[in-house]
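Taking it in order: structure first as structure tokens, then the write-up.
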Amino acid sequence: MSMNFGTVHSALNLTAQGKRADVFGLTHSDNRYGFSSIQSPLCVIRGGDGPTALICAGNHGDEYEGQIIVRRLFDVLTQSDVAGRLILAPALNMPAVQSCSRISPLDGGNLNRSFPGAAYASPTQEIAGFVATQLLPKADLAIDLHSGGSGSNYVNAAYFCLSPDPARNKKTYELAQVMGLANTMVVPVSDTPGDFDSAAHNAGCAMISCELSGEGKVTLDALEAGWIGILRLLVHQGIIHAATAERLGVLPQPETTFLDLGENADYITAQSHSLVEPLVSIGNHVAKGEPVMRLRDLYSMDEVPKDLCSKREGKVAILRAGAIVAPGDHLCVICPELSKADLDTLISDAEA
Ligand SMILES: [Zn+2]
């Protein structure tokens, strides 16, 4: 029973028990690919009738920890490790992955803004449609792994995307706690059209995504934090067996710190063409009024350097990778740490 959406096709059998690696292929008739199928790995491990997790990476092509984690899952897990079903897509937007790029070089498409996709439209729209119609409806849990990409660095953090739906908030809160990354960024009710998260929720999946470091490289501690977090999620959700998690060295989850990435997050933004000197590191705790970035005029040595200060106390959750900036470029984001009471207020406001 093959899967098809527009020109996207996969012959992978997701139903039968066993461990299988295949691809999904996409047709795009430009100069390079006119006589090709643009292929991306798609794998399944089905061990039993338990729940299904769809785990994706390479949604953005310059984010690498997740791509390694998804491929490592296929390397180390056998059919007997899996109580349910794992569907693995480590390089979701392969044209972007091949070119180490956030977006697809074929059509400029950002896959994470392309859902629910469209058949026979652009390559990125077609991949989104394939995921939305052929993969997400088969999943109970969807996991989409991100990093900061070439342009930014993040603290290791799950996303808790607030929803008006109390049941969804309860589930995402649980998943973020179980994943146990050092931080969980709480974001307001989504106004980002076309992202993977909304497609997953539209398909009725529980959904968690995360950021694991960034700057267009692989960071070992982010890789291992993400790896253990994914295994914790899979055992907690009944997708892999407890003995497997034990064999792979999974520990109980540590506490996660909830960070406000909503209207109280402080975006430090350049207002001039400058060379930026960071005065803080990723994950630093800063006080209100503390200098966090020093900007020097690109053209004049006579200009006095200008310090930009934090408008509130919090943690440096996102840091820009490059140092030459233009007006409007964000340099860092300082997120207030949320107490349980603060978090409960945000949740109840979202549900009101
Ligand atoms: Zn991303």
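The values are calculated or read from the model by the stated rules, or taken from the named source; none is laboratory data. Note that the coordinates shown come from a computational prediction; the quantities given were computed from them, not determined experimentally. Positions of Cβ are backbone-derived with ideal geometry, glycine not excepted, and every protein chain shown enters the neighbour counts. Calculation scope for accessible area: heavy atoms of the full protein, side chains included, ligands and nucleic acids excluded. Shrake-Rupley method; radii C 1.70, N 1.55, O 1.52, S 1.80 Å.
Per residue, what accessible area does the stretch 266-335 have, given a 1.4 Å probe and all protein chains present, in Å²?
Value returned for the stretch 266-335: 54 Å² of accessible area per residue.
I'm a student and want to see the number: the projected area of the Cα convex hull of the stretch 200-298, averaged over all directions, in nm².
Convex hull of Cα atoms, orientation-averaged projection: 10.1 nm².
What helices does the chain hold that run 18 Å or longer along their axis, going by alpha-carbon atoms, with a Kyte-Doolittle average of 1.0 or more, using DSSP H for the helix calls?
220-236
Going toward the positive end of the dipole of the chain, with +1 on Lys and Arg Cβ and -1 on Asp and Glu Cβ, which of Pro252, Gly84, Leu135 do you reach last?
After comparing all options, I get Gly84.
One-quarter of the Cα convex hull surface for the stretch 144-191, in nm²?
3.8
What percentage of the solvent-accessible surface of the stretch 201-352, computed with a 1.4 Å probe over protein heavy atoms, is contributed by carbon and sulfur atoms?
On the stretch 201-352, the fraction of accessible area on carbon and sulfur atoms equals 52 percent.
Taking a cut-off of 19 Å between Cα atoms, list the lysines near Lys311, but don't count ones fewer than 8 places away on the same chain.
The reachable lysines, counting only those whose Cα sits under 19 Å from Lys311, are Lys288.
Restricting attention to the alpha-carbon atoms of the stretch 109-160, what are Rg (one decimal) and Dmax (integer), both in Å?
Final numbers for Rg and Dmax: 13.3, 38 Å.
For the stretch 246-352, with the dipole built from +1 on Lys and Arg beta-carbon atoms and -1 on Asp and Glu ones, taken about the Cα centre, which of Ser300, Leu338, Gly314 lies farthest toward the positive end?
The listed residue farthest towards the positive side: Ser300.
Considering the stretch 142-246, what Rg and Dmax in Å follow from its alpha-carbon atoms?
Just the Cα atoms of the stretch 142-246 yield Rg and Dmax of 13.8, 41 Å.
Explain nothing, just the number: relative contact order of the stretch 206-352, from Cα pairs under 8 Å at least 6 residues apart, as a whole percent.
With pairs under 8 Å counted, the relative contact order is 24 percent.
Would you kindly calculate the mean projected area, averaged across all directions, of the convex hull enclosing the Cα atoms of the chain, in square nanometres?
Average of the hull's projected areas for the chain equals 18.5 nm².
Among DSSP beta bridges whose residues both lie in the chain, state the antiparallel percentage, nearest 5.
In the chain, approximately 65 percent of DSSP beta bridges are antiparallel ones.
Please list, in order, the residues from the stretch 337-352 whose amide nitrogen is less than 11 Å from a point placed 7 Å along the Cα→Cβ vector of Glu313.
Those under the cut-off are 337.
Starting from a Cα-only point model with no solvent, please compute log10 I(q)/I(0) by Debye for the stretch 1-153 at q = 0.16, 0.20 1/Å.
-0.83, -1.25
Using a simple spin-label model with points 7 Å from Cα along the Cα→Cβ vector, what separation in nm is obtained for Ala287 and Met301?
Placing both labels 7 Å beyond Cα along the Cβ direction yields 3.5 nm.
To check you understand DSSP bridge types, tell me what percent of the beta bridges within the stretch 16-122 (both residues inside) are antiparallel, rounded to 5.
70
For the stretch 3-260, what is the relative contact order in percent, using Cα pairs closer than 8 Å and at least 6 residues apart in sequence?
Over the stretch 3-260, the number comes to 20 percent.
Report the one residue of Phe35, Gly47, Asn153 whose Cα lies farthest in the direction of the positive end of the charge dipole of the stretch 3-260 (charges on C-beta: Lys and Arg +1, Asp and Glu -1; origin at the Cα centre).
Toward the positive end, the furthest listed residue is Gly47.
Relative contact order of the stretch 70-140, please, whole-number percent, based on alpha carbon pairs below 8 angstrom and at least 6 residues apart.
For the stretch 70-140, the relative contact order is 18 percent.
Given Cβ point charges of +1 (Lys, Arg) and -1 (Asp, Glu) and nothing else, what value in debye, to the nearest 20, does the dipole of the chain about its Cα centre take?
The dipole magnitude comes to about 940 debye.
Once R0 is set to 25 Å, what does the formula 1/(1 + (r/R0)^6) return for the Cβ-Cβ distance between Arg247 and Tyr33, expressed as a FRET efficiency to the nearest 0.05?
E between Arg247 and Tyr33, to the nearest 0.05, is 0.05.
Counting only the heavy atoms of the protein chains, how much of Glu351 is accessible to a 1.4 Å probe, in Å² to the nearest 10?
So the heavy atoms of Glu351 present about 70 Å² to solvent.
Using only the Cα atoms, work out Rg/Rh for the stretch 266-335, with Rh taken as the Kirkwood radius, to two decimals.
Checking Rg against Rh, the ratio lands at 0.96.
State to the nearest 20 debye the size of the charge dipole of the stretch 290-352 about its Cα centre, where the only charges are +1 on K and R beta carbons and -1 on D and E beta carbons.
Using only the charged Cβ atoms, the result is roughly 220 debye.
In nm, to one decimal, how far is the Arg294 label point from the Tyr120 one, both placed 7 Å along Cα→Cβ?
For Arg294 paired with Tyr120, the spin-label model returns 6.0 nm.
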